[in-house]
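Reviewing the structure listed below.
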Amino acid sequence: MWLTNSSIGRKLIMSITGACLILFLTFHVLMNAVAIVWPTAYNTICQLLGANWYALVASMGLAALFVLHIVYAFILTLQNRKARGNDRYNVTTLPPHVEWSSNNMLVLGIVVVAFLVVHMIQFWAKMQLVEALSHDPATWAVVDGAAANPAMGTLFIHAAFSEVWTPIVYIIGFVALWFHMNHGFWSMFQTAGWNNDTWLPRLKKVACWWTTIVVGLFTIQAVWFTYQAKSGEYINNPELQQQYYEAWDGAMKHMQEEMNTEVNALIAQGLDEAAIQEKVAPKIEAISGVYLKALQVYCKDLPQVKQMLEQIKMQEQMQQMQQQAPMGGGEEIVADSAAVAVDSTNVQSKK
Ligand code: HEM
C-alpha cells in the first residue's frame, strides 16, 4: 500500500498522527486549566469521562495514534540512516540551516515517551484503568494513606505533585516536548507540500507560538499544582471535601447494590443465613474500613463526618470499657464500627 510502503506515505502518517496529538495536547492543557480555576468542575468532568464507553474508545484511539506515531518514527529514522550510510556520523557535513531539533527528533521523542510512561503510571493507571477494572474501593490507589476515588482528579494531582521529583521530571519532559512539537508542527505542513518561501516562514511562526503557549501553560500548571499539593489545598478545601464525600456515597451505593446481588445469588444457591453472613461479613468489614479511612483523610472537616467519627470513637471506647470491666447485658449497645459506617452511608443515601 502506498501509504505504508513509500517514504512520503510514511511521512504523511507521521504528520497526520502528529497533528492529532497536537490537538489532543491543546485540549489537555485547557482541561488542566479547569483544575486551576475551578477544581470541583474539573472533578465533575473527570467523573463524566471516567471509564465510560465513549471515554474508553477515545483513549484507545489516542493510544493507537501514539503507537503509530512512534512505530513510524523508528521506521523513518532507520530508513534515513540506511540511505545516508556512514554520513550520519560526519556532523560537519550538515547544512547550516538544518536545525538542531530536526536532527534530534527521535531522541526528543524518546524523552517525551519516557515522561509519558511516568505520567500514565501517575494518572491514567490509577484513574481510568482502575475504574474500568473494578468498582471495589479496596482496589483503588492509595493517596495520603487512604483509597482515592478514581474519578477525583484533584486527589491524583495532589499525590503526583507532592513528590519532589515530579516537577523536575515534568519540566525535562516539557523541554523535550517543546523542541519536538515545534519542529514536528511546521514540518508536517512541509510534508503536505506547503513549503513555499512565503508560507514556510509563516508556518514556522505559528508553530513556535502554538507550541510555546501549550508547553508554557503545562509548565505553569506543573508549578501551580506543586504549590497547591504542598499547601494541602486539594485535601483541605471544604468544597472538594464535600465532593469527595458525595463521590464516596455514590461508590458505596454501588457496592451495596453489588453486595445485594451477591447475597441474592447465595440465597438462590440454597445457603443458610449463617453461611451467607460468613461469606459477606468480611467483605463489608473491609469496605467499611477503607471508607472510614477515606473519610478521616479527605472529608475530615465536614460536620457530618466529624459527627460520624465521633460516634464511632465513642462506641469503640464503650466496647473497650466493656471488655475491661464487663457490666453484663450491655452487648446490644455496642455496634461494630464497620456496621456504623455502612449504616451512616445508608442514612446519607436516604437524605
Ligand atoms: C502539568 C501537566 C499535566 C498534568 C497535570 C496532567 C494530568 C493528567 C490527568 C489528570 C490525566 C487523566 C487521567 C485519566 O482520567 O485517565 C491525564 C491523562 C493523560 N495525559 Fe496528562 N497531564 C499533564 C501533561 C501531559 C503531557 C505534556 C502529555 C503528553 C506529552 C500528557 C499526556 C496524557 C495522556 C496521553 C493521557 C491519557 C489520556 C486518556 O486517558 O485517554 N499529559 N493527564
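Read-outs: derived from the displayed coordinates by stated rules, not from any lab. Being a predicted model, the structure only gives us computed values, none of them experimental. Backbone-built Cβ (ideal geometry, glycine too); neighbour counts: all protein chains shown.
Structure above, values below:
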{"quantity": "Residues LYS205, LYS126, LYS253, sorted so that the one with the fewest Cβ neighbours within 10 Å comes first", "calculated": "LYS205, LYS253, LYS126"}
{"quantity": "Computed over the chain: relative contact order in percent, which uses C-alpha pairs under 8 Å that are six or more apart", "calculated": "20"}
{"quantity": "Dipole-positive endmost among PHE185, VAL223, ILE267 within the range 180-289 (Cβ charges, Cα centre)", "calculated": "PHE185"}
{"quantity": "Other-chain or far-sequence residues with amide H under 5 Å of ALA147's (modelled H)", "calculated": "ALA294"}
{"quantity": "All lysines inside 20 Å of LYS253 as judged from Cα atoms, apart from same-chain residues fewer than 8 positions distant", "calculated": "LYS279, LYS283, LYS293, LYS350, LYS351"}
{"quantity": "Förster radius 41 Å - calculated FRET efficiency between GLU246 and VAL57, Cβ distance, rounded to 0.05", "calculated": "0.90"}
{"quantity": "Relative contact order [Cα under 8 Å, 6+ residues apart], the range 84-230, whole percent", "calculated": "26"}
{"quantity": "Fluctuation leader among TRP178, TRP165, TRP186 - the chain, Gaussian network, Cα springs under 10 angstrom", "calculated": "TRP165"}
{"quantity": "Axial C-alpha extent at least 27 Å, average Kyte-Doolittle at least -1.0 - helices from the chain (DSSP)", "calculated": "7-37, 53-84, 165-191, 199-231, 238-268, 273-298"}
{"quantity": "Label-point gap, in nm, between GLN317 and VAL107 - each point 7 angstrom along Cα→Cβ", "calculated": "6.6"}
{"quantity": "The chain - Rg over Rh from alpha carbon coordinates, Kirkwood radius", "calculated": "1.13"}
{"quantity": "Gaussian network model of the chain, springs between alpha carbon atoms under 10 Å - residue of GLY193, GLY109, GLY50 with greatest fluctuation", "calculated": "GLY193"}
{"quantity": "Estimated FRET transfer efficiency when R0 is 51 angstrom, pair LYS300-ALA64 (beta carbons, to 0.05)", "calculated": "0.75"}
{"quantity": "Max mean-square fluctuation residue, GNM over the chain, Cα-Cα springs under 10 Å, options VAL164, VAL142, VAL214", "calculated": "VAL164"}
{"quantity": "Potential extension, GLU262-ALA274 segment - 0.36 nm per residue separation minus Cα distance", "calculated": "2.8 nm"}
{"quantity": "Reach of LYS205 by Cα under 30 Å, taken over lysines that are not fewer than 8 positions away in the same chain", "calculated": "LYS11"}
{"quantity": "Residues of the range 22-62 with amide N under 19 Å of the 7 Å Cα→Cβ point at SER134", "calculated": "51-52"}
{"quantity": "Mean separation of Cα contacts under 8 Å, 6 or more apart, over the residue count of the range 96-171: relative contact order %", "calculated": "23"}
{"quantity": "Kirkwood hydrodynamic radius (C-alpha pairs) into Stokes-Einstein, the range 177-278, 4 °C and 1.567 mPa s, D in µm²/s", "calculated": "67"}
